[in-house]
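Student: Would you mind keeping the following structure in view while I ask a few things?
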Amino acid sequence: MKSSEWIDITQPLSDRIAHWPGDEPFSYRLTFSKEQTGSVNIGQISASCHTGTHIDAPFHYNNQGKRVLDIPVDTYIGPAKVIDVSHTEKIDANILSKNQLDGVKRLLLHSSLPNIPERFPEKMPLLDPDIGPFLKERGVELLGVDMPSVDPIESKELPVHHALHDNNIYILENIMLDHIVPGEYELIALPLALEEADGSPVRAVLRCL
């Protein structure tokens, strides 16, 4: 693969995409057709901020947390490392310590969960809250996962969200890494400029370094 090629790791948004149980499903419809306007088609979308590939702003789980537009934009742009943790169903500091992570600012985890955007998983690999302080010590500022959440589906306390927040690590969820070789990349995963939002869809792409 040429280093100049960008690789899309985004779940495509469509009416078929899975959404968090009980949350707003994604919908796109043509509000006005070219025939109606005489010049253009005009579409409308409706969705949760956490559908498909998205970032969590701290306000999502902390009333005093930053909103999307409060987060430095360079959090989501720059060198990133993809590592494979698909051999385990529990991802903790001990598992992550088997990888060279010193100086890695953006870490993306390829787990055992298959990338099937149209199906919401019944069960996901578990992240241990001890990854928060471990990743901070190594300089990680953004953690990306190929799962809908860094916490279990049934969790109300969200211990991993809070452990990452307490260690100044932002969260990127539902990236697609099945086709990505572990290694060093350049990442762009920019959220929309949603001033008051608790999260945002992103278009996430990688390029080999």
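The values are calculated or read from the model by the stated rules, or taken from the named source; none is laboratory data. Owing to the predicted nature of the structure, the values given are computational and were not obtained by experimental measurement. A quick note on method: Cβ atoms are made from the backbone with ideal geometry, for glycine too, and the neighbour counts reach across all protein chains shown.
Student: Under the condition of being among the acidic types (D, E) and assigned to a loop (DSSP other than H, G, I, E, B), which residue from region 125-147 is farthest from H87 (Cα to Cα)?
Tutor: E141
Student: While we're here: Are any residues in region 129-152 out of contact with any strand residue (DSSP E or B) (no Cβ under 9 Å at 6 or more places or on another chain) and surrounded by fewer than 18 Cβ atoms within 10 Å (Cβ to Cβ), and if so, which ones?
Tutor: D130, P133, K136, E137, G139
Student: Hey, can you tell me all the residues within region 153-204 that are surrounded by 17 or more Cβ atoms within 10 Å (Cβ to Cβ) and over 24 Å from G65 (Cβ atoms)?
Tutor: M176, L177, I180, Y185
Student: Output yes when any residue across region 98-109 is out of contact with any strand residue (DSSP E or B) (no Cβ under 7 Å at 6 or more places or on another chain), closer than 22 Å to A193 by Cβ and modelled with pLDDT of 95 or more, and no when none is.
Tutor: So the first thing to find is which residues in region 98-109 are out of contact with any strand residue (DSSP E or B) (no Cβ under 7 Å at 6 or more places or on another chain), and the list is 98, 100, 102-103.
The next check asks that each one be closer than 22 Å to A193 by Cβ; those that pass are none.
Looking for residues that are out of contact with any strand residue (DSSP E or B) (no Cβ under 7 Å at 6 or more places or on another chain), closer than 22 Å to A193 by Cβ and modelled with pLDDT of 95 or more, one finds none in region 98-109, hence no.
Student: Give just the number: which of (1) out of contact with any helix residue (DSSP H, G or I) (no Cβ under 6 Å at 6 or more places or on another chain); (2) at pLDDT 95 or above does T88 not satisfy?
Tutor: Going through (1) out of contact with any helix residue (DSSP H, G or I) (no Cβ under 6 Å at 6 or more places or on another chain); (2) at pLDDT 95 or above one by one, T88 breaks only (1).
Student: Just name the residue that is farthest from V73 (Cα to Cα) out of those in region 159-180 that are in contact with a Pro (Cβ under 9 Å, 6 or more places away or on another chain) and assigned to a loop (DSSP other than H, G, I, E, B).
Tutor: Going through the qualifying residues, I end up with D178.
Student: Only one residue in K2, K34 is over 21 Å from H161 (Cβ atoms) and at pLDDT below 95. Which one?
Tutor: Values: K34 fails: at pLDDT below 95.
Exactly one of K2, K34 is over 21 Å from H161 (Cβ atoms) and at pLDDT below 95, namely K2.
Student: Also, I was wondering about something else. What strands (runs of 3 or more DSSP E) lie completely within region 5-124 and have 2 or more residues being touching a residue at least 24 places away in the same chain (Cβ under 8 Å) and surrounded by 13 or more Cβ atoms within 10 Å (Cβ to Cβ)?
Tutor: On the way: elements: 6-8, 27-32, 42-46, 54-56, 77-84, 106-110.
By residue number, 6-8, 54-56, 77-84, 106-110.
Student: Out of the residues in region 10-46 that are hydroxyl-bearing (S, T, Y) and in contact with a Phe, Trp or Tyr (Cβ under 9 Å, 6 or more places away or on another chain), state the one that is nearest to R203 (Cα to Cα).
Tutor: First, pick out the residues of region 10-46 that are hydroxyl-bearing (S, T, Y): 10, 14, 27-28, 31, 33, 37, 39, 46.
Okay, now just the ones that are also in contact with a Phe, Trp or Tyr (Cβ under 9 Å, 6 or more places away or on another chain), so 14, 46.
Details: S14: 14, S46: 17 Å.
That would be S14.
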